[in-house]
1. How much length is gained on full extension from residue 175 to residue 98, taking 0.36 nm per residue of separation minus their Cα-Cα distance?
2. Pairs of Cα atoms under 8 Å, at least six residues apart: use those to get the relative contact order of the stretch 51-148, whole percent.
3. Mind putting a number on the dipole of the stretch 109-188 about its Cα centre? Charges go on the C-beta only, +1 for Lys and Arg and -1 for Asp and Glu, and I need it in Debye to the nearest 20.
4. Explain nothing, just the number: dipole magnitude of the stretch 17-133 about its Cα centre with +1 on each Lys and Arg Cβ and -1 on each Asp and Glu Cβ, in debye rounded to the nearest 20.
5. Mind checking which of 137, 107, 153 has the largest fluctuation in a GNM of the chain, springs on alpha carbons under 10 Å?
6. Could you work out [θ]222 nm for the chain from helices alone, using -39500 (n - 2.57) per DSSP H run of at least four and dividing by all its residues? Round to the nearest 500 deg cm²/dmol.
7. For the stretch 62-188, what D do you get in µm² per second when you plug the Kirkwood radius from alpha-carbon pairs into Stokes-Einstein at 25 °C and 0.890 mPa s?
8. Per-residue counts of other Cβ atoms within 10 Å, averaged by peptide: what ranking do you get for 109-119, 52-62, 162-172, 35-45, highest first?
Amino acid sequence: MVRNEARRRQLADAALAVLAREGSRGLTHRAVDAEAQVPGGTTSNYFRSRDALIEGLVDRIGERLAPTPEDLRRRADITPSRALFADYIRDIVRRLTADRDVTLALFAVRLESARRPDLAALLGAWQRAGFDADVAFNVAAGLPGGRREIALFHYAIDGLLLDRLTTSIDPETSTDDVIDDLVAGLLP
């Protein structure tokens, strides 16, 4: 297998764009080659099968959506509170809506996992690891809420993102206002 990590990321990013634009059925090695503007066959040199490509996408989604060290440092010295928790949630939603292709691709992969047990196992392990990391971060930071509340926020944010990235039920209400209401309603 080829080991040029920069090219691998370029191809994964192109695949995310294809998946966001065309959906799961449009995700082919040929479509990724065209999107990345590389010679035909390049994607299959890096990702031998469609399953390997999707696995690479899951990894790349995590990389692209991760908070920056600066974002984490900026909040590290602030006293834990509901307001700080809301700020973290706003940052998560900001990253997910700013990188629209990644979020739409993630939703597409999640939908495909409903029909493919092998993908469900891969994606489920990735999601649970991320959730466990979120709970650990919340506890370590002294933020309000525990495992149950973090799970509720995951469910709520998924719905909020689906609403904001597709057809909104209430486009006039700002996302920040929705987040403030979620924090007020879900935290003890």
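1. 26.5 nm
2. Value for the stretch 51-148: 35 percent.
3. Using Cβ point charges on Lys, Arg, Asp and Glu, the stretch 109-188 gives about 540 debye.
4. In debye, rounded to 20, the stretch 17-133 gives about 280.
5. The residue that fluctuates most here is 137.
6. It comes out at -24000 deg cm²/dmol, rounded to the nearest 500.
7. 157
8. 52-62, 35-45, 109-119, 162-172
The values are calculated or read from the model by the stated rules, or taken from the named source; none is laboratory data. No experiment lies behind these values; they were computed from the predicted model shown. In this analysis, Cβ positions are derived from the backbone assuming ideal geometry, glycine residues included, and neighbour counts consider all displayed protein chains. Please note that ligands, DNA and RNA were not included when accessible areas were found on the heavy atoms of the full protein model with its side chains. Shrake-Rupley method; radii C 1.70, N 1.55, O 1.52, S 1.80 Å.
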